[in-house]
1. What part of the accessible area of the range 61-133, given as a whole %, is carbon or sulfur when the probe is 1.4 angstrom?
2. Sort 51, 29 by heavy-atom solvent-accessible area, probe 1.4 angstrom, most to least.
3. Quick one: if you stick a label point 7 Å off each Cα along the C-beta vector at residue 53 and residue 65, how many nm between them?
4. Quick one: accessible surface of residue 126, probe radius 1.4 Å, all protein chains present, in square angstrom to the nearest 10.
Amino acid sequence: MRLTILSIITDIGIKAEVQRVAREIADKEPHGIQLLINNAGIAMDEETRYEAKGQPRLDDAQAISDFFMRSNPQSWADTFRINITAQFFMSMAFLPLLARGCGVVPGYTYSVVQVSSNAAFLKGNTRGYVAYSSSKAGTGLQSPSPCISFFIDTWSRLQLLLIFPAFWQRHFRGRRCASTPSLQEHFPPRSVIS
């Protein structure tokens with residue numbers, strides 16, 4: 001058995017691009033694939049990020065309303081297009097490849113990993129990332145949906161894993177990446193094995 005990792009650049013927010021990538025991988029992997037990880041995500045809450053714009057007075061309904069009415073509807077649409085819609089179309093475009101790859105290794109099933117965020121469950125302050133938090137909650141809600149239409153035989157072989165990672169201190173090529181001070185206040189740095 002050989003391991004193949006393919007790197008293909010595309011805009012997953014464009015359905016035709018997702019379909020093109022699925023066809024390209026199908027040509028390179030005629031026996032299918034065993035794993036799809038939907039990990040793309042964006043946060044376009046530029047107008048309401050506390051780090052950049054400050055925080056409204058949370059004891060003043062008018063201040064809260066004025067602050068969040070700064071949100072750009074296109075930012076919401078772009079965030080949902082990538083964080084929810086694109087994950088759905090990726091799963092659907094790659095479903096035939098996953099099903100084909102299921103029989104390659106006896107006893108092995110195929111898997112889809114949907115990456116959401118713990119921002120979906122913030123009970124307190126979203127730090128101004130309202131569109132992002134809402135979209136990540138949507139990822140969690142829509143993840144089982146594609147499975148409903150699968151045939152029973154296909155469904156019984158599909159593993160769907162939904163994960164909600166939290167903020168952590170990241171390292172890149174041995175260097176600690178900068179974190180915003182407000183995030184460090186909420187999530188103190190921890191040691192990370194890199």
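The values are calculated or read from the model by the stated rules, or taken from the named source; none is laboratory data. Small disclaimer: the values here were computed from a predicted structure and weren't measured. Methodologically, a virtual Cβ is constructed for each residue, glycine included, from the backbone with ideal geometry; neighbour enumeration extends over all protein chains shown. All accessible areas refer to the heavy atoms of the entire protein, side chains included, with ligands and DNA or RNA removed. Shrake-Rupley method; radii C 1.70, N 1.55, O 1.52, S 1.80 Å.
1. Ligands and nucleic acids excluded, carbon and sulfur give 65 percent.
2. 51, 29
3. My value for the distance between the label points is 1.7 nm.
4. 30
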